[in-house]
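To start, the structure under review is shown below, and the notes come after it.
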Amino acid sequence: MFTTLLHTVLNEGINKRLALKILEESRWPQNALELFAVASRLRDENLGKELYFSAGFGGVLPCRIVPRCAYCTYFVAEPFPLPDLLACVRKVEELGIRQMHLSGGSNLEGYDSEILEMVQAIQETSDIQVEVNLGPSLSADTVKALKTMKVVSITSSLETFTPELFNRTKPGDSLEKRKQLLEICEQEGVPIRSMMMIGLGEKYADRIEQLFYLSRFSHLYHLRFSRFYPYPRTALHNQLRCSPWELARTLAVARLIMPRINLGLAAGNEPDDLPLWYAAGGGNQLLGVMVSNRKVENKTNPEDELIIINERCSVYNRMPLMQRYLQEMGASVISKEKIQ
């Protein structure tokens, strides 16, 4: 029966009913393995088998969302100082990274001048490719300006698509403004990144609705999946951790819906999640280097490389560990230039 479902999707196309049925029935390993095989084949046919690394700069601006989201610890009190940011960019380039994204925080009143100044400063000293992720903090004029500056993409992470769940877990944020930013980017022809959180409390049908909503954006190029983690000192610290099985199956169904979209991993995932992600049809971009506007004190794995830039910021390189995992699976990582 499950084989028939997959055969129908491959030959006749997918709809919400079929996607939901596949997601529900893939909980059993024998079905999931069939789903993963199909999803991986679609990935290989549409994106190829070669992967490349990018870098993430977190907490580049303070989060002005009040009250804070019920699960979030990724916020800072002060902007990432430009001299420190540029020093980190240089170190990231030395590591061979050619693409980076600037993330967080969000400000419903706008971070237009701040992000334009930051991107301009980077472009004046580097040819690294820049992506922007500040939630619903950008006006239409800023989207147009960033397009002129040739940013690789603009992110609007919906996280959850269910209004009730969004309002309960993100009471200070705006789902409508995040959706509006997607629409603006689509109208302007700017490549779009988005993110969905798995295990926040949504139903399977909610996940399918979000995937089909996102699939209608012709400029969507990257969808990342976050695995809910109950961080201490957050309102949801007692909620159950999302299993990697839930994320992998959802991602594989996303591959059936969006065969040409890069499907990546976001917050709440670790390098140990890479094999299941890749087997389930994940994309070809990997977050291998993380830059923090805070000094990181210790490595979490001996293969990682911790680079202290100064007393205020650090570069955390996970590429050696990730490359080993991928090589053990027969996957190869290349430089960004080779796939353009």
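Quick note: the coordinates plus some simple rules give every number you see, no bench work behind them. Owing to the predicted nature of the structure, the values given are computational and were not obtained by experimental measurement. A quick note on method: Cβ atoms are made from the backbone with ideal geometry, for glycine too, and the neighbour counts reach across all protein chains shown.
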Requested in this report: Would you mind checking the tilt of helix 2-12 against the longest principal axis of the Cα atoms of the chain, expressed as 0 to 90 degrees and rounded to 10?
Outcome: 70 degrees
Query raised in the report: Does region 45-124 come out rounded, prolate or oblate, given a ≥ b ≥ c as the square roots of the eigenvalues of its C-alpha gyration tensor, rounded meaning a/c under 1.5 and, failing that, prolate meaning a/b above b/c?
Result: oblate
Report summary line: Among Val76, His222, Val130, the residue whose Cα sits farthest towards the positive end of the charge dipole of the chain (+1 at Cβ of Lys and Arg, -1 at Cβ of Asp and Glu, taken about the Cα centre) is His222
**Report entry** Within the chain: Cβ-based charge dipole about Cα centre, in debye rounded to nearest 20 (Lys, Arg +1; Asp, Glu -1)
**Finding:** 560 debye
Query raised in the report: Counting pairs of alpha carbon atoms under 8 Å apart in space and at least six apart in sequence, what relative contact order in percent does region 119-214 give?
Result: 32 percent
**Report entry** Per-residue [θ]222 nm for the chain (sum of -39500 (n - 2.57) over DSSP H runs n ≥ 4, rounded to 500)
**Finding:** -12500 deg cm²/dmol
Report summary line: Neighbour-count ranking for Phe2, Phe217 (other C-beta within 10 angstrom, fewest to most) reads Phe2, Phe217
Report summary line: Residues other than Val89 with Cβ under 14 Å of its Cβ, Lys/Arg counted +1 and Asp/Glu -1, net out at -3
Query - Amide H within-cut-off set for Gln129, under 5 Å, with H built and near neighbours excluded - result: Gln99, Met100
Query raised in the report: Relative contact order (percent) for the chain, with alpha-carbon contacts under 8 angstrom and 6 or more residues of separation?
Result: 23 percent
Report task. Could you state the angle between the C-alpha long axis of helix 175-188 and the longest principal axis of the C-alpha atoms of the chain, as a value from 0 to 90 degrees rounded to the nearest 10? Result -> 90 degrees
**Report entry** Nearest-ten-degree value, helix 244-257 long axis tilted from longest Cα axis of the chain
**Finding:** 80 degrees
Query - At 1.002 mPa s and 20 °C, Stokes D of region 197-263 from Kirkwood alpha-carbon radius, µm² per second - result: 167 µm²/s
**Report entry** Of all DSSP beta bridges in the chain, antiparallel share, percent nearest 5
**Finding:** 20 percent
Report summary line: Taking the convex hull of the alpha-carbon atoms of region 138-249 and averaging its shadow over every direction gives an area in square nanometres of 7.6 nm²
Query - Order of Lys91, Lys203 under a 10 Å beta carbon neighbour criterion, fewest first - result: Lys203, Lys91
Requested in this report: With θ set to phi - 60°, apply the Karplus curve 6.51 cos²θ - 1.76 cosθ + 1.60 along region 165-173 and write out the HN-Hα couplings as whole Hz, x wherever there is a Gly or Pro.
Outcome: 5, 4, 5, 6, 9, 9, x, x, 9
Report task. Counting only C-alpha contacts under 8 Å and six or more residues apart, can you give the relative contact order of region 205-307 as a whole percent? Result -> 26 percent
Query raised in the report: How do Thr148, Thr169, Thr250 rank when sorted from fewest to most other Cβ atoms within 10 Å of their own Cβ?
Result: Thr148, Thr169, Thr250
